[in-house]
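Where a number appears in this text, it was derived from the coordinates with a stated rule and is not lab data. Predicted, not measured: the structure shown is a model, and the values here were computed from it. No Cβ is skipped: glycine too gets one built from the backbone with ideal geometry, and neighbour counts run over all protein chains shown.
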Amino acid sequence: MTDFVHTEINNQILTVRINRPERKNALTHAMYTALGDAIEQAEADANIRCTLFTGSDECFTAGNDLSDFASGLPGDFKETPVGRFLLLLANANKPIVASVNGPAVGIGTTMLLHCDMVFAGSNAGFKMPFASLGLCPEGGSSLLLPSWLGRVRAAELLMLGETFNADDAHRLGLINRVCEPATTEAAALEACQKLASQPPAAIRATKQLLSSPTHEELTATMLAEGKLFSERLKSPEAAEAFGAFLQKRKPDFSSFK
């Protein structure tokens with residue numbers, strides 16, 4: 001495991017903690033590898049019945065570390081660290097719970113679409129700024145969000161990429177509960193404990209049935225999104241957006257067609 005992703009097993013629950021506070025838990029390729037490894041560990045270990053993804057009381061994750069992704073993604077998307085992580089997450093057989101406080105940007109929001117339960121602090125802020133960065137949706141969000149929320153709401157979230165709060169996320173059905181930030185992880189852990197106490201094969205069967213209607217289409221969508229995302233990382237629009245971010249200025253897309 002990387003120093004920025006910590007794992008711990010207690011009472012048949014694998015806790016996976018994103019821990020890079022100095023960069024608001026921004027995710028690097030190495031961190032994605034560690035996150036994917038954690039899912040594989042949970043799937044292979046019969047003693048693990050549930051996985052909890054969490055950050056800190058102040059931040060879940062600010063999304064991709066742009067300095068790590070500015071040069072693009074190496075090779076075929078499904079074999080990249082981020083692609084591997086997303087596909088493992090979407091295809092996991094055991095239940096996954098998330099505890100979210102503070103910023104949950106980009107993949108910090110889309111990864112939650114694959115969790116079975118999500119608990120968010122009142123300080124949580126969700127954002128999918130892909131288009132604003134010259135990119136495109138990822139993590140199956142272009143399929144799941146329209147089917148869950150309707151096209152116009154999905155378009156607003158994905159095209160404008162504006163921040164929405166925990167109350168909005170709860171109203172939209174994207175999270176289970178809004179908590180006080182200091183109690184978010186405890187609430188999520190309680191749900192994990194309840195899941196771990198249930199008949200494990202029955203829980204896996206239930207999860208499979210919940211996922212099966214969109215399973216094949218979701219995989220195809222994620223791969224298509226990943227291919228286009230990789231291409232968009234090399235686009236002039238993305239270069240302008242990334243440059244503006246690093247230079248702390250507003251991007252100028254007025255000359256693009």
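Run the helix sum for the chain: -39,500 (n - 2.57) per DSSP H stretch of 4+ residues, divided by residue count, reported at 222 nm to the nearest 500 deg cm²/dmol. Walk me through the numbers on the way to the answer.
Details: 11 runs with 110 residues, N = 257.
About -12500 deg cm²/dmol.
For K207, give me every one of the lysines with a C-alpha distance below 16 angstrom, ignoring sequence neighbours fewer than eight places off in its own chain.
Those lysines meeting the cut-off are K94, K194.
Distances over 24 Å make up what percent of all Cα-Cα pairs in the range 1-127?
On the way: 1670 of 8001 pairs.
Here the tail beyond 24 Å accounts for 21 percent of pairs.
What is the distance in Å between the Cα centroid of the range 59-92 and that of the range 110-126?
18
Which of these, P146, P129, P137, has the largest mean-square fluctuation under a Gaussian network model of the chain (Cα springs below 10 Å)?
Looking only at P146, P129, P137, the biggest GNM fluctuation is shown by P146.
On a straight-distance basis, which aspartates and glutamates could pair with K24 in a cross-link, Cα separation under 15 angstrom, same-chain partners fewer than 8 positions away excluded?
D3, D57, E58, D65, D68
Measuring from a point 7 Å past the Cα of F256 along Cα-to-C-beta, which residues in the range 152-170 have an amide N at less than 15 Å?
In the range 152-170, the label zone of F256 (backbone N under 15 Å from the point 7 Å along Cα→Cβ) covers 159-161.
Please compute the Kirkwood hydrodynamic radius of the chain from all pairs of different C-alpha atoms, in Å with one decimal.
Working: mean 1/r = 0.0542 Å⁻¹.
Mean inverse Cα-Cα distance, inverted, gives 18.4 Å.
With a cut-off of at most 15 other beta carbons within 10 Å, and DSSP calling the residue loop, which chymotrypsin sites (Phe, Trp or Tyr not before Pro) in the range 62-158 qualify? Please list them. Before the final figure, lay out each step's value.
Numbers: sites: F69, F77, F85, F119, F126, F130, W148; in loops: F130.
Here no loop site has a sparse enough neighbourhood.
Over all alpha-carbon pairs of the range 119-181, lay out the pair-distance distribution in 10 Å bins, whole %, shortest bin first.
Values per bin, smallest distances first: 22, 52, 24, 1.
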